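The values are calculated or read from the model by the stated rules, or taken from the named source; none is laboratory data. Just so it is clear, the structure is predicted and the values come from calculations on it, not from any experiment. Reconstructed Cβ throughout: ideal geometry from the backbone, glycine too, with neighbour counts over all protein chains shown. Please note that ligands, DNA and RNA were not included when accessible areas were found on the heavy atoms of the full protein model with its side chains. Shrake-Rupley method; radii C 1.70, N 1.55, O 1.52, S 1.80 Å.
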Amino acid sequence: MNESTLKTPMIKMIPIFIMGQKYEVPAELTIMKAMEYAGYKFIRGCGCRGGICGACSTVYRKPGDYKIHTGLACQTVIEPEMYLTQLPFYPALKATYDVSTMQGIATEIFEAYPELFRCVACNACTKVCPMDVKVMDYIAYLKRGDIEAAARASFDCIQCGLCASRCMGELPQYHIAQMARRLWGAKLTPRAQHLAEMVLKIEQGLFGELIAKLETTDTAELKKLYNAREMEPAMSRNEWKPSKDNVGLR
Amino acid sequence: MKIAYYPGCTLKTRAKNLEDAALAALRVLGIAAVELPRWNCCGAVYSLTDDDLIHQVAPVRDLIRVKEQGAETVMTLCSMCYNTLARANRLMREDEEKRHTLNTFMDEEPDYHGEVEVHHLLTLLRDRIGWKTLAAKVRRPLTGLKVAPYYGCTLVRPRPVSIDPRPDQPTILDDFLRALGAEPVDYPARIECCGAYNILSEPDAAHRASANVLASAERHGAELVITSCPLCEYNLGTCQNQVLPHGEGLRPLPTLYFSQLLALALGVGNEELGLELSPASSLKLVAERISPIHQA
Ligand code: FES
């Protein structure tokens, strides 16, 4: 039979190894789709499928390459002969603390996570991060008490835990960074004055009348209103301003 | 003059006064200390175990950061950072096999062969500025002030990284004090240990060692002890109330970082010296014994 008479285009199949077992799967799939193609059904280790929830971290190696590679299964495209396993969760101790009673100083982090000082700067954490966060650097910031620098440097962390899996100092880096971001956000960043003012206005009944009206509006009308609502465009910089009759400006 | 600067973690927290005063003094001297844009804790203590190479990774990484900046020299202020970086640097220069192992382990970094020169601020003052030039910049001469230069361990030991050619009879801090117009006190305990990390596991032993240093300085007429190490300053200064009962008739003795005295002599305002982090007796000494700024 002539190839051109085939109805479906030829899909190139490539071999990959999932937990040591060989499967032939269509090339160009992501690891996650390839695993589903091979018959796996995710009840854990998969969340957003958009590279943001951190549930699908995957560890793999390639033939002839001693390096450990990592990626998010939902984002990483398969390569021939790669062998992989998922690491959807990595146990790491998480300190209990109450941000509302804290001051936002470095000693609070040192007390919650004394193992911070076991870091030997081996950099295995940074090498393994699927989000390219400079993990070793934010740990270094914290050792010198710079909570803000650590919060900023760890901003892209999705809490997948791969850093902790490779740490020879046995640090739970991602939990430590989360504490830094919490303290920074709650205690160190300036409070937004306009927010407090708006909350006060709302409490004083700014939207009371409008909400009462909406409560008696029928669904079709609500949908119309919703679609016609005034909204800041996704890509706007600073040039966007709400229209003059926007209730929030009252 | 511009110089790459490695601060070390403690200088960003508990020993901020060591750093603040030094940077203020350097500004007066026209030296721009450029903090490395990336650095990590050096480990603070040089690992002596021969095959424990993992603890050399941190200091060597810092030296690579210096090289990355295109700098040939890095300056430290903390004795312990100085010691750790200088010894790691020697290792990378002299031990081919370990150098290879470390460079291979840090395969994400450029190879390092010990190209960088590690300086302590004191050697920089001696070798690049000179005591005479320093003396000429003094605006608050410390005339008549009897100061005990405390070298401790890590500035002068081991011999190959000593900041003084005679580690057993160093004079660099004495020369520094003379340049500032002060009178260095010669006392036997100047290169003895303050007790160092024993303060954590054997506090009494540390206090005894510190009492020995303070008693020796006091017997020889010191009004003030200067240090360049946050741990020495902690043991001798911060913990002094616990130390005093360990020496007979020992009275409170003010302590300051050498950088604080330097800044004072150069006419930097007291508010830039971080004096609030120093013992109360040191504040009193500054107020009572150091004359106001000479108007030029
Ligand atoms: S499923 Fe959420 S990051 Fe992959």
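Quick notes on this one:
- Residue satisfying all of: in segment B:99-109; open to solvent by 10 Å² or more (accessible area, probe 1.4 Å) and in contact (Cβ under 8 Å) with a residue 12 or more places away in the chain; farthest from the other protein chains (Cβ to nearest Cβ) among these: B:R99
- When segment B:68-98 is filtered for residues that are small (G, A, S) and within 14 Å of chain A (Cβ to nearest Cβ), only B:A88 remains.
- Leading residue by the ranking (surrounded by the fewest Cβ atoms within 10 Å (Cβ to Cβ)) among those in segment A:72-101 that are aromatic (F, W, Y) and modelled with pLDDT under 95: A:F89
- Where a residue in segment A:68-91 is away from the ligand (no atom under 12 Å from the Cβ) and its partner, wherever it lies, is open to solvent by less than 50 Å² (accessible area, probe 1.4 Å) and among the acidic types (D, E), with Cβ under 8 Å and at least six apart: none
- B:E115, sole failed condition from (1) of a type outside the set (S, T, N, Q); (2) open to solvent by 10 Å² or more (accessible area, probe 1.4 Å); (3) outside any loop (DSSP other than H, G, I, E, B): (3)
- Taken over segment B:118-174, the criterion of being of a type in the set (G, A, S) and outside any helix (DSSP H, G or I) is satisfied by B:G130, B:G144, B:A148, B:G152, B:S162.
- Identity of the residue in segment A:53-67, assigned to a strand (DSSP E or B) and either away from the ligand (no atom under 16 Å from the Cβ) or among the aliphatic types (A, V, I, L, M) (or both), that ends up surrounded by the most Cβ atoms within 10 Å (Cβ to Cβ): A:V59
- Scanning segment A:17-49 for residues that are touching a residue at least 24 places away in the same chain (Cβ under 8 Å), open to solvent by 50 Å² or more (accessible area, probe 1.4 Å) and within 14 Å of the ligand (Cβ to nearest atom) yields A:R44, A:C48, A:R49.
- Residue count for segment B:240-279, restricted to those that are in contact with a Leu (Cβ under 7 Å, 6 or more places away or on another chain), surrounded by fewer than 24 Cβ atoms within 10 Å (Cβ to Cβ) and assigned to a helix (DSSP H, G or I): 2
- The lone exception for B:A33 - which of (1) under 21 Å from A:K143 (Cα atoms); (2) open to solvent by 10 Å² or more (accessible area, probe 1.4 Å) it fails: (1)
- Residues of segment B:80-98 classified as open to solvent by less than 50 Å² (accessible area, probe 1.4 Å) and acidic (D, E), total: 1
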